[in-house]
Amino acid sequence: MWPSSLRVRFVLLVLFWTVIPGARGQSRYLPLSPGNRWVLRHPGIAQPITIEVLELSGNEYHIRFSSPFGNNEWMLRPQGESYYLTKYGENGQLAPLPAETLYFDFGARVHEKWSNAIGNISVEATGLSVHTSQVVFRDCIRIRQSSKMSFTFAPGRGFVEFGEGKDAFLLDVSDSRLTLSDGQTKESADAMPAQHVPSPVSHGRTPGNAQSEGASAPSRCDQQGKAHADGRGVPIEAVRSPQRAR
């Protein structure tokens with residue numbers, strides 16, 4: 001017979017893993033919770049890119065991606081450092097994708113690649129800094145979906161940059177909302193003053209009043225705001241069996 005203290009701990013552990021929705025591991029690079037919203041802006045384009053977590057259904061998160069080039073919706077299933085795209089569509093009409101369609105892998109090594117129905121995806125770089133007008137995000141990971149699409153993620157924040165250089169959409173912290181595990185929201189006030197030291201920078205602008213914190217969605221625009229690829233989001237190419245190169 002187990003001591004009562006061990007029985008209590010065991011019951012609490014079971015409740016945590018089986019009852020509490022979304023309790024099972026997520027990567028610190030993409031915290032998902034219903035109500036989370038990332039707003040990314042480009043200085044030359046009026047409409048931002050907005051990524052919203054609409055709801056949790058089972059162990060999958062319903063996400064809406066809105067941009068100047070079109071809107072779409074995803075179902076993402078986090079499994080530790082790996083995030084699988086299970087469905088894709090628009091206006092609530094989502095079609096299933098092949099099983100184990102890996103989208104983001106934050107545990108992958110630099111230059112590690114995988115391919116599936118979405119396309120050829122790779123971890124392009126780690127340890128990056130992303131400079132916005134409000135915050136400097138450090139220790140970021142950039143995942144490239146194709147030669148024309150990339151996403152950069154910051155620990156504890158998620159999406160902080162879509163695209164690169166002068167074409168990049170950058171996170172607007174003041175308009176975004178991130179719910180923490182304790183139910184509080186993460187606001188820009190929790191950032192530390194920026195330390196302007198040489199480091200890998202994914203955007204050329206380094207505002208003097210930026211703060212430091214620590215680091216997209218599927219589409220990219222050129223300087224005039226034209227959409228690359230399909231201009232709508234995740235380009236679902238010809239479906240092929242998931243094949244990962246390690």
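The values are calculated or read from the model by the stated rules, or taken from the named source; none is laboratory data. What you are looking at is a predicted structure, and each value in this text was computed from that prediction instead of being measured. Glycine also receives a Cβ, built like all others from the backbone with ideal geometry; neighbour counts cover every protein chain displayed.
Things worth noting here:
- Yes/no for residue 112 being closer than 18 Å to residue 145 by Cα and out of contact with any Lys or Arg (no Cβ under 6 Å at 6 or more places or on another chain): yes
- The set of residues in the range 151-176 being out of contact with any Asp or Glu (no Cβ under 6 Å at 6 or more places or on another chain), among the small types (Gly, Ala, Ser) and crowded, with 21+ Cβ neighbours inside 10 Å consists of 154, 158, 163, 176.
- For the residues 122, 66, the requirement of being surrounded by fewer than 22 Cβ atoms within 10 Å (Cβ to Cβ), under 24 Å from residue 169 (Cα atoms), of a type in the set (S, T, N, Q) and in contact with a His (Cβ under 8 Å, 6 or more places away or on another chain) singles out 122.
- Within the range 91-111, if we keep just the residues that are over 18 Å from the mean Cα position of the chain (by Cα) and part of a strand (DSSP E or B), the residue that is surrounded by the most Cβ atoms within 10 Å (Cβ to Cβ) turns out to be 94.
- Neighbours by Cβ (under 7 Å, 6+ apart or cross-chain): first from the range 58-83, more than 16 Å from residue 102 (Cβ to Cβ); second of a type in the set (Val, Ile, Thr) and outside any strand (DSSP E or B): 72/234
- Sub-6 Å Cβ pairs linking a first residue in the range 129-147 that is over 16 Å from residue 158 (Cα atoms) to a second residue that is modelled with pLDDT of 95 or more and assigned to a strand (DSSP E or B), at least 6 apart or interchain, are 145/121, ordered by first then second residue.
- In the set (1) in contact with a Phe, Trp or Tyr (Cβ under 7 Å, 6 or more places away or on another chain); (2) surrounded by fewer than 17 Cβ atoms within 10 Å (Cβ to Cβ); (3) more than 17 Å from residue 106 (Cβ to Cβ), the condition left unmet by residue 34 is number (1).
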